[in-house]
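Engineer: First the structure, then my questions, so here it is.
Just so it is clear, none of the values below were taken in a lab; they were calculated from the coordinates. Fair warning: this is a prediction, and the values are worked out from it, not measured in the lab. Because the Cβ atoms are built from the backbone with ideal geometry, glycine has one as well, and the counts that use them run over all protein chains shown.
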Amino acid sequence: MKNYHSLSEIQKAISDGETTLPAVVEGYIQNISNSKSLNIFLETFEGESLERAKEIQTKISEGNASSLAGAVIAIKDNLCYTGHKVGAASQILNGFESLYSATAIKRLLEEDAIIIGRVNCDEFAMGGSNENSSFGSVLNPLNPEYVPGGSSGGSAAAVASNCCLVALGSDTGGSIRQPASFCGVVGVKPTYGRVSRHGLIAFASSFDQIGPLAHNVEDASKVLEVISGKDDMDTTSSSVAVDKYATFDGGTGKKKIGYIHECITNEALDSDVKAKHLELIDKLKVQGHTVEAVNLEELKYLVPTYYVLTTAEASSNLSRYDGIHYGYRSGEATDIESTYTKSRTEGFGDEVKRRIILGTFVLSSGYYDAYYSKAQKVRRIIKEKTEKLFEEYDFLMSPTTPSCAFKLGANTGDPIKMYLEDIFTVHANLAGTPAVSLPLFKHSAHQLPFGVQFMSAPFEEKALLGFAHNLMNTPSLKD
Ligand code: GLN
């Protein structure tokens, strides 16, 4: 099939009679089958997607289809979809079927989107390379010797390999933006509370957000607009009105941007990533934006703070997987105690166990004040500092990641090295702000893509996406 790169392109092709929605869906199913070796999809919903495509095609022909008619969407394996399996890529949820749909999924379906399948990810969204999936690694579609990033590696790879138009991922510390950067697509992490977490399998509840990965800012914005907004099923979802993100009015104005000095001088930063980032700063200035260095002395504390707090929350969230309520139960269990221990020992992978143990430790009496309480205080300082910066600047800017996609296996032996990959992305999750990764660059050495990250103040998605759309459509800014 012809590969489509935007919803408006698909909608136009259908309305011009060049194709039909069932034919578009068949094309994606063909691409999924051709990309099997990349290990992206855990399951494809072929039959029902085609059925839905026929129904929505009829609505299109009758002129009463909704805004996402034509959008074919893949979902990360931590999003519940009624009557479909969901497993967070873990053996502990082996065989588990969703009893209800995530609010985000429900809202997509109400707008006539088609869910084409569920995609691989790091187990319980813990990881930055997709190598922690119990179903094996996803390979980067741009070069299969490299990781696609994580934890939403399947989501980014699905978009990059044209196996879907848009994918939903989740972002706790960078899991949408980092794989978007590694696979050359757009990734959006919304403000904490912008999108309901109801039906998202919890990793660290005060950090997790669902968001889109897409070929362009326009499609990401359209999908974000649909999934955003207050939901009675999630008390942390915000009642702040949802703007029309995809109209992009105001995106062309001159902005005041702070680039984070500590990111650009970070010793982990690849020299080509740095050079291209500095070039972009100059080009933005030429365009009339004000771009200035800002300081974030706390940068070195971000990763430790993130890993203390998220492991603490994860150890609590994952206590529900006890071999009784959900999924997997060990065949070796003989009593209640051994049901818990054996099911959890056999059901969880190494990284998840590492985090449960670390999280239990930082919450344990005697260490709680030294680690958990202290990290909460640091989070507060980071949040306040970030809010202060947004009193002066429209956006904060940094590379999305210190380097491009790395080779499979390159970081698996060294968890700390893997954790440090998150150094630029965890800021937005600690502060609760929205952030996008835009695939503006290609690395000179191996031509792999990498992104630039922009953050805005909470609930300023409209301004952020308008600006991002404008950048993506300015050819001179691209590498
Ligand atoms: N790489 C980070 C981690 O391993 C981010 C994960 C995420 O955002 N879900 O925790």
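Engineer: Between the DSSP loop rule and a limit of at most 11 other Cβ atoms within 10 Å, which GluC sites (Glu not before Pro) in segment 16-84 are left? Provide the component values of the computation, followed by the final result.
Structural biologist: On the way: sites: Glu18, Glu26, Glu43, Glu46, Glu48, Glu51, Glu55, Glu62; in loops: Glu18.
Sparse-neighbourhood loop GluC sites (Glu not before Pro): Glu18.
Engineer: Multiply the residue gap between Glu46 and Ser33 by 0.36 nm, knock off their C-alpha separation, and tell me the result in nm, one decimal place.
Structural biologist: On the way: separation 13, 0.36 × 13 = 4.68 nm, distance 1.09 nm.
3.6 nm is the gain from fully extending Glu46 to Ser33.
Engineer: When the convex hull of the C-alpha atoms of segment 383-479 is computed, what volume per residue in Å³ does it have?
Structural biologist: Values: hull volume 10.4 nm³, N = 97.
It is 107 Å³ per residue.
Engineer: Gln447 to Thr334: FRET efficiency via 1/(1 + (r/R0)^6), r the Cβ-Cβ distance, R0 41 Å, to the nearest 0.05?
Structural biologist: 0.15
Engineer: Further, regarding this structure: How much length would be gained if the chain were fully extended between Ser319 and Asn94, taking 0.36 nm per residue of separation minus their Cα-Cα distance, in nm to one decimal? Mind showing how you got there, number by number?
Structural biologist: On the way: separation 225, 0.36 × 225 = 81.00 nm, distance 1.65 nm.
Extending this stretch completely gives an extra 79.4 nm.
Engineer: What do you get for GluC sites (Glu not before Pro) in segment 274-353 restricted to DSSP loop and a cutoff of at most 16 other Cβ within 10 Å of the site's Cβ?
Structural biologist: Those satisfying the criteria are Glu297, Glu298, Glu332.
Engineer: With viscosity set to 1.306 mPa s and temperature to 10 °C, compute the Stokes-Einstein D of segment 260-369, Rh being the Kirkwood radius across alpha carbon pairs; µm²/s, no decimals. List each step's numbers first, then the result.
Structural biologist: On the way: Rh = 17.9 Å.
Answer from the Stokes-Einstein relation: 89 µm²/s.
Engineer: Return the sequence-ordered ³J(HN,Hα) values of segment 449-459 in whole Hz as given by the Karplus equation 6.51 cos²θ - 1.76 cosθ + 1.60 applied to θ = phi - 60°, using x for Gly and Pro.
Structural biologist: Whole-Hz 3J(HN,Hα) from phi for segment 449-459: x, 8, x, 10, 10, 10, 10, 10, 5, x, 6.
Engineer: For the chain, taking Cα atoms only, what is the radius of gyration to one decimal and the Dmax to the nearest whole Å?
Structural biologist: According to the Cα coordinates of the chain, Rg and Dmax are 21.3, 71 Å.
Engineer: Another question, then. Under the rule of at least 5 residues apart or a separate chain, name every residue whose amide H is placed under 5 Å from the amide H of Lys76.
Structural biologist: Val119, Leu168
Engineer: About its Cα centre, what dipole magnitude does segment 393-479 give when the only charges are +1 on Lys and Arg Cβ and -1 on Asp and Glu Cβ, stated in debye to the nearest 20? Write out the running numbers ahead of the final one.
Structural biologist: Details: 5 positive and 7 negative charges, 53 e Å.
The calculation lands at about 260 debye.
Engineer: Let me have the 222 nm mean residue ellipticity of the chain computed from DSSP H runs of 4+ only, each contributing -39500 (n - 2.57), with the sum over all residues rounded to the nearest 500.
Structural biologist: -11500 deg cm²/dmol
Engineer: Around Leu448, which amide H atoms from residues at least 5 apart in sequence, or from another chain, sit under 5 Å from its own amide H, with H modelled in the peptide plane?
Structural biologist: His443
Engineer: Could you give the distance between the Cα centres of segment 434-452 and segment 100-140, to the whole Å?
Structural biologist: 22 Å
Engineer: Same structure, new question: Across segment 469-479, in residue order, what do the Karplus-derived ³J(HN,Hα) couplings come to in whole Hz, using 6.51 cos²θ - 1.76 cosθ + 1.60 with θ = phi - 60° and x for Gly and Pro?
Structural biologist: With the stated coefficients, segment 469-479 comes to 4, 4, 4, 5, 9, 10, x, 5, 7, 7, 5 Hz.
Engineer: Determine by what factor the alpha-carbon radius of gyration of segment 304-346 differs from 2.2 N^0.38 Å, reporting the quotient.
Structural biologist: 1.39
Engineer: Another question, then. Around Lys462, with a cut-off of 11 angstrom between Cβ atoms, what is the net charge of the other residues, counting Lys and Arg +1 and Asp and Glu -1? The partial results should precede the final answer.
Structural biologist: On the way: positive: Lys244; negative: Glu225, Asp243, Asp249, Glu460, Glu461.
Result for the neighbourhood of Lys462: -4.
Engineer: While we're here: For the chain, give me the percentage of DSSP beta bridges that are antiparallel, rounded to the nearest 5 percent. Present the calculation step by step, with values, prior to reporting the outcome.
Structural biologist: Values: 29 of 45 bridges.
Around 65 percent antiparallel, to the nearest 5.
Engineer: Something else: Could you list, in their original order, any pairs among Lys2/Lys283; Lys189/Lys353; Lys36/Lys106; Lys255/Lys385 whose Cα atoms are separated by more than 30 Å? Don't skip to the end; give the middle numbers.
Structural biologist: On the way: Lys2/Lys283 34 Å; Lys189/Lys353 26 Å; Lys36/Lys106 28 Å; Lys255/Lys385 20 Å.
Going by Cα-Cα distance, Lys2/Lys283 fall outside the 30 Å limit.
Engineer: Whole number please: convex hull volume per residue, Cα atoms of segment 1-109, in Å³. Intermediate values should be presented prior to the final figure.
Structural biologist: Values: hull volume 11.9 nm³, N = 109.
Roughly 109 Å³ of hull volume per residue.
Engineer: Just report the Cα centroid separation between segment 359-409 and segment 199-237, whole Å.
Structural biologist: 20 Å
Engineer: On a full-extension model of 0.36 nm per residue, what is the gain between Lys274 and Asp414, subtracting their alpha-carbon distance, rounded to one decimal in nm?
Structural biologist: Working: separation 140, 0.36 × 140 = 50.40 nm, distance 2.41 nm.
Difference between extended and current length: 48.0 nm.
Engineer: Which whole-Hz couplings ³J(HN,Hα) result when phi for each residue of segment 381-387 is put into the Karplus expression 6.51 cos²θ - 1.76 cosθ + 1.60, θ = phi - 60°, listed in order with x for Gly and Pro?
Structural biologist: 4, 5, 4, 5, 4, 5, 4
Engineer: Can you give the FRET efficiency to the nearest 0.05 for Thr474 and Ser364, using r as the Cβ-Cβ distance and R₀ = 56 Å? Could the numbers behind the result be given before it?
Structural biologist: Numbers: r = 52 Å, r/R0 = 0.93.
Efficiency, rounded to the nearest 0.05: 0.60.
Engineer: In addition: What whole-number volume per residue, in cubic angstrom, does the convex hull of the C-alpha atoms of segment 101-202 give?
Structural biologist: Numbers: hull volume 9.7 nm³, N = 102.
Hull volume over Cα atoms, normalised by residue count, gives 96 Å³.
Engineer: Here's another thing I want to ask about it. Please give me the summed charge of the neighbours of Gly187: other residues whose Cβ is under 13 Å from its Cβ, Lys and Arg +1, Asp and Glu -1. Walk me through the numbers before you get to the answer.
Structural biologist: Values: positive: Lys76, Arg177, Lys189; negative: Asp171, Asp219.
Taking every Cβ under 13 Å from that of Gly187, the sum is +1.
Engineer: Run down the lysines and flag those whose C-alpha is under 16 Å from the C-alpha of Lys59, throwing out any fewer than 8 positions away in its chain.
Structural biologist: Cα-Cα hits under 16 Å: Lys12.
Engineer: Please work out the FRET efficiency for the pair Gln287 and Thr82, using the Cβ-Cβ distance as r and a Förster radius of 56 Å; give the result to the nearest 0.05.
Structural biologist: Working: r = 47 Å, r/R0 = 0.84.
With R0 = 56 Å, the Cβ-Cβ based efficiency is 0.75.
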